[in-house]
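Remarks on the structure that follows.
FYI, it's all coordinate maths here, none of it is from the lab. This structure is a prediction, so every number in the text was calculated from the model and none was measured. Note that each Cβ is placed from the backbone with ideal geometry, even for glycine, and that neighbours are counted across all protein chains shown.
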Amino acid sequence: MPDPSSRAEDTAPTRLEAVRGDITRQSVDVIVNAANSSLLGGGGVDGAIHRAGGPEILAECRELRAGALREGLPTGDAVATTAGRLPARWVVHTVGPVYAVRTDRRPLLESAYRRSIEVSAGLGARSIAFPAVSAGVYGWPPDDSARLAVTAVRAALAAGPSSVELVRFVLFSDEMHELFAAELSRP
Ligand code: ADP
């Protein structure tokens, strides 16, 4: 029997990395989707995931909407479906907040990252690819998006040992990639 008190030391620290690329091409256990509350499709990374993954993903989203998520997926929460034809085992759909100048919606964006990791870990996922949630149509400023994403993911992973060995941020532009890489290089 392993000594439970030595578990933290036995678990290798999760690797965090940033790559420039298309999240639909990532061979990982979980691809995170920056969805909207309806779960019924949208533009940006959501559209790309449904196009590349095929109709199975949307069919499962519709089932969720007909059942447990009748009101939609709340902002800051996450839920898993099949990954269809994507080279992943699951898509974890999360809803980031729309950026607002006058109200602090950072806790909701932190929650979107944290819940995505919790749902992924609940599935036993070892590797997760994240887009820059809320940084597209939802308008989150790029530099703050990188800082918040890295801080939130580090905090979620520090909550305790889990199955997650790799978190890869997949950024669609050179600018976003540079911001995330710079943030990750900070201790
Ligand atoms: P949100 O509505 O949460 O802002 P978007 O899909 O509009 O979500 O944008 C989130 C981020 O994902 C943006 O930085 C956008 O450039 C990026 N993005 C769009 N398509 C892809 C893709 N195929 N792979 C990775 N990132 C993508």
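Derived scalar couplings between HN and Hα for region 90-101 equal 9, 9, 9, 8, 10, 10, x, x, 6, 5, 9, 6 Hz in order, rounded to whole Hz, by the Karplus curve 6.51 cos²θ - 1.76 cosθ + 1.60 (θ = phi - 60°), x for Gly and Pro. Summary value for the chain: 30 percent relative contact order, contacts being C-alpha pairs under 8 angstrom separated by 6+ residues. Backbone amide hydrogens, once placed in the peptide plane, bring R105 within less than 5 Å of A100, excluding anything fewer than 5 places away on its chain. Backbone phi angles across region 24-37, fed through the Karplus curve with coefficients 6.51, -1.76 and 1.60 (θ = phi - 60°), yield HN-Hα couplings of 5, 9, 7, 8, 9, 6, 10, 9, 8, 9, 7, 8, 10, 4 Hz in residue order; Gly and Pro are listed as x.
Distances between placed amide hydrogens fall under 5 Å for W140 paired with Y99, A135, all partners being 5 or more residues away or on another chain. Using the rule -39500 (n - 2.57) for each DSSP H run of four or more residues, divided by the residues of the chain, the 222 nm mean residue ellipticity is -12000 deg cm²/dmol. Candidates V133, G67, G122 compared by Cα position along the dipole of region 15-185: farthest toward the positive end lies G67, with charges placed on Cβ. Going from the fewest other Cβ atoms within 10 Å to the most, the residues Y138, Y99, Y113 appear in the order Y99, Y138, Y113. Among S162, S111, S173, which one moves the most in a GNM of the chain with springs linking Cα atoms closer than 10 Å? Most flexible of the set in this elastic network: S173. Distances between placed amide hydrogens fall under 5 Å for L171 paired with V19, R20, G21, all partners being 5 or more residues away or on another chain. About its Cα centre, region 15-185 has a charge dipole of approximately 260 debye under the convention of +1 per Lys or Arg Cβ and -1 per Asp or Glu Cβ, with nothing else charged.
Cα-based values for the chain, radius of gyration first and Dmax second, are 16.0, 53 Å.
The alpha carbon centroids of region 43-62 and region 90-118 are separated by 19 Å.
When each of T14, T151 is scored by the number of other beta-carbon atoms lying within 10 Å, the sequence from fewest to most is T151, T14.
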